[in-house]
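Read the structure below first, then the notes.
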Amino acid sequence: MKNKIKLDSLPKHIAVIMDGNGRWAKSQGAARVFGHKNAIKAVRDTTEGCAELGVEYLTLYAFSTENWKRPKLEVNALMQLLVATINKEIKTLMDNDIKLTAIGDIESLPKSCQRELAQAMETTSKNKRMTLVLALSYSGKWDITNAMKQIGLKCESGALKAENITSEIIENHLSTSGIPDPELLIRTSGEQRISNFLLWQMAYTEFFITDTLWPDFRREHLYEAIVSYQTRERRFGKTSEQI
Ligand code: IPE
Ligand code: IPE
Ligand code: MG
């Protein structure tokens, strides 16, 4: 599969909805948390696979605004796993020259998570090969609401006129400001929905949905998604003849 990838037309930014950990655990007769623990390998393999190919940004949807509504036991386990994993994976990030950033309502995370995250972001801040964006306590509606609040404040203070608001101004106030929109979205576990992920940013993103459950996802699946993406004609509203 890797040989089929055209390196001159790689997506710059790939976004992933890492789904199916609970079902993977259930299929093994184990508790949901076991699925989350076994998802780390998929994260590492996908991250390294993207960096090796030359993908510039990889955004992983790790915890949504709505995921806070899960049973307390699962939420706590996920937060603990997050702290442990970020700390453990700093070496992988440094070895691969990957910079870590995060989007979402980071202040809603436990203090221990915020600390680990801040430290990993600081340690990897000078890395150049790829940027890994973790979406944590993230939702597209949260992102847009947050941007609207900032823009509203600027209008109130007179720094901005409502009539001058453009899509660029909105983009500059989103948490993804400075990051190109993802060309490709991968969702595992077969679900065909966006689940409140990058709503604004995915206006023209190509979707690749695989039945593979996230803990089983490896770079071979990533290559398959990229090959599929490269066969698509992206028209952006134009006709085929215009492309
Ligand atoms: C994705 O797997 C991980 C998170 C949302 C944190 P799930 O936990 O949603 O697994 P399923 O969808 O229940 O199988
Ligand atoms: C989406 O998965 C969120 C993450 C992968 C972090 P969910 O499992 O929460 O999505 P739904 O509830 O099936 O739409
Ligand atoms: Mg799920």
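The values are calculated or read from the model by the stated rules, or taken from the named source; none is laboratory data. Computed from a prediction, not measured in an experiment: that's the story for all the values here. Please note: Cβ atoms are built from the backbone with ideal geometry, for glycine as well, and neighbour counts cover all protein chains shown.
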**OP:** With the checklist (1) over 17 Å from the mean Cα position of the chain (by Cα); (2) under 25 Å from Leu198 (Cα atoms) in hand, flag the one item Tyr61 doesn't pass.
**Re:** (1)
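Regarding the range 58-65, can at least one residue be identified that is surrounded by fewer than 17 Cβ atoms within 10 Å (Cβ to Cβ) and either closer than 17 Å to Val133 by Cα or in contact (Cβ under 8 Å) with a residue 40 or more places away in the chain (or both)?
Within the range 58-65, none of the residues are surrounded by fewer than 17 Cβ atoms within 10 Å (Cβ to Cβ) and either closer than 17 Å to Val133 by Cα or in contact (Cβ under 8 Å) with a residue 40 or more places away in the chain (or both).
Looking at the range 185-233 only, could you name the residues that are within 19 Å of Val133 (Cβ to Cβ) and within 16 Å of ligand 1 (Cβ to nearest atom)?
Answer for the range 185-233, where residues must be within 19 Å of Val133 (Cβ to Cβ) and within 16 Å of ligand 1 (Cβ to nearest atom): Leu185, Ile186, Arg187, Thr188, Ile194, Ser195, Asn196, Phe197, Leu198, Trp214, Phe217.
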**OP:** Please work out which one of (1) more than 23 Å from Pro11 (Cα to Cα); (2) more than 16 Å from ligand 2 (Cβ to nearest atom); (3) touching a strand residue (DSSP E or B) at 6+ places or on another chain (Cβ under 6 Å) is the condition Ile98 fails and give its number.
**Re:** (1)
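Could you please let me know if Met79 is of a type in the set (A, V, I, L, M), at pLDDT 95 or above and touching a Pro at 6+ places or on another chain (Cβ under 9 Å)?
On the way: of a type in the set (A, V, I, L, M): yes; at pLDDT 95 or above: yes; touching a Pro at 6+ places or on another chain (Cβ under 9 Å): yes.
Considered against the rule, which asks whether it is of a type in the set (A, V, I, L, M), at pLDDT 95 or above and touching a Pro at 6+ places or on another chain (Cβ under 9 Å), Met79 comes out as yes.
Which count do you get for residues in the range 20-30 that are buried (at least 23 other Cβ atoms within 10 Å of the Cβ) and within 10 Å of ligand 3 (Cβ to nearest atom)?
2
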Subject >> Selection count where residues are farther than 17 Å from Leu134 by Cα and in contact with a Leu (Cβ under 6 Å, 6 or more places away or on another chain), scope the range 24-48 >> reply: 1
Original post:
So which of Lys111, Lys69 is at pLDDT 95 or above, of a type in the set (Lys, Arg) and within 16 Å of ligand 3 (Cβ to nearest atom)?
Top reply: Lys69
Original post:
Ser195 passes all but one of (1) of a type in the set (Ser, Thr, Tyr); (2) touching a residue at least 40 places away in the same chain (Cβ under 8 Å); (3) within 17 Å of His13 (Cα to Cα); which number fails?
Top reply: (3)
**OP:** Just need a number here: residues in the range 181-231 that are among the hydroxyl-bearing types (Ser, Thr, Tyr) and either within 16 Å of ligand 3 (Cβ to nearest atom) or crowded, with 19+ Cβ neighbours inside 10 Å (or both).
**Re:** 7
Original post:
In the set Lys37, Lys12, which member is within 16 Å of ligand 3 (Cβ to nearest atom), of a type in the set (D, E, K, R) and surrounded by 14 or more Cβ atoms within 10 Å (Cβ to Cβ)?
Top reply: Lys37
Original post:
What are the residues in the range 1-26 that are more than 22 Å from the chain's Cα centre (by Cα) and within 16 Å of ligand 2 (Cβ to nearest atom), if any?
Top reply: Ala25, Lys26
Original post:
Of the residues Thr166, Thr124, which is farther than 19 Å from Ser64 by Cα, crowded, with 17+ Cβ neighbours inside 10 Å, at pLDDT 95 or above and not basic (Lys, Arg)?
Top reply: Thr124
**OP:** Could you please find all residues in the range 192-243 being outside any helix (DSSP H, G or I) and among the β-branched types (Val, Ile, Thr)?
**Re:** Ile194, Thr205, Ile209, Thr210, Thr212, Thr231, Thr239, Ile243
Original post:
Across the range 185-221, what is the number of residues that are within 13 Å of ligand 2 (Cβ to nearest atom), over 14 Å from the mean Cα position of the chain (by Cα) and of a type in the set (S, T, N, Q)?
Top reply: 2
